[in-house]
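The values are calculated or read from the model by the stated rules, or taken from the named source; none is laboratory data. Here the structure is a predicted model, which is why all the values come from computation and not from measurement. Here Cβ is always computed from backbone atoms with ideal geometry, including for glycine, and neighbour counts include all displayed protein chains. Calculation scope for accessible area: heavy atoms of the full protein, side chains included, ligands and nucleic acids excluded. Shrake-Rupley method; radii C 1.70, N 1.55, O 1.52, S 1.80 Å.
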Amino acid sequence: EENGRKPFMQPLWLMGMAVIVVDAIGDFVFIGLAPQSMLAPLGSLSLGWNVMLAPIFHRDEKVTKTTVIATAVIYVGTIISILYAATSTPSYNLERIKELAGNPYFINYLMFTLAAQGTLI
């Protein structure tokens, strides 16, 4: 507790919570405007922000050369993913979804996934 105040009453905490809320609202809006194949890779950019901002808020946090290189690789991968992502999202009707669900490749994938999850429980 800083100055006898609970953490959720501190200005820095409130500012961080406001950023999270605004980000969540933005995510909700942008999911309707862009295909998921373009939006999903953008989540990895938060790691880069974390690497850049952590030393500011945590004085004992050190950014190593390895961390900078790893973050750069993630950023390059994100950029490549977005550049080659699908630019439109196809629409499926119920009949097409049933057809895709009956595909042997999907059924094999589903069985493998369920079996893998079953072994983890």
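Only one residue in S46, S88 is open to solvent by 70 Å² or more (accessible area, probe 1.4 Å), over 30 Å from G16 (Cβ atoms) and either of a type in the set (S, T, Y) or in a helix (DSSP H, G or I) (or both). Which one?
On the way: S46 fails: over 30 Å from G16 (Cβ atoms).
The conditions single out S88.
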One residue from K62, K98 being open to solvent by 100 Å² or more (accessible area, probe 1.4 Å) and not in a helix (DSSP H, G or I)
K62
Six or more apart or on different chains, Cβ under 7 Å: which pairs go from a residue in segment 70-84 that's part of a helix (DSSP H, G or I) to one that's at pLDDT 90 or above? Could you list them?
none
Among the residues of segment 34-52, are any over 15 Å from the mean Cα position of the chain (by Cα) and of a type outside the set (A, V, I, L, M)?
no
Can you spot a residue in segment 1-23 that is on the phi < 0 side of the Ramachandran plot, assigned to a helix (DSSP H, G or I), open to solvent by 80 Å² or more (accessible area, probe 1.4 Å) and among the basic types (K, R)?
no
Among residues of segment 78-100, those that are over 16 Å from A40 (Cβ atoms) and in contact with a helix residue (DSSP H, G or I) (Cβ under 8 Å, 6 or more places away or on another chain), counted:
2
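For the structure I just gave you, tell me whether T78 is of a type outside the set (A, V, I, L, M) and open to solvent by less than 80 Å² (accessible area, probe 1.4 Å).
Details: of a type outside the set (A, V, I, L, M): yes; open to solvent by less than 80 Å² (accessible area, probe 1.4 Å): yes.
It is true that T78 is of a type outside the set (A, V, I, L, M) and open to solvent by less than 80 Å² (accessible area, probe 1.4 Å).
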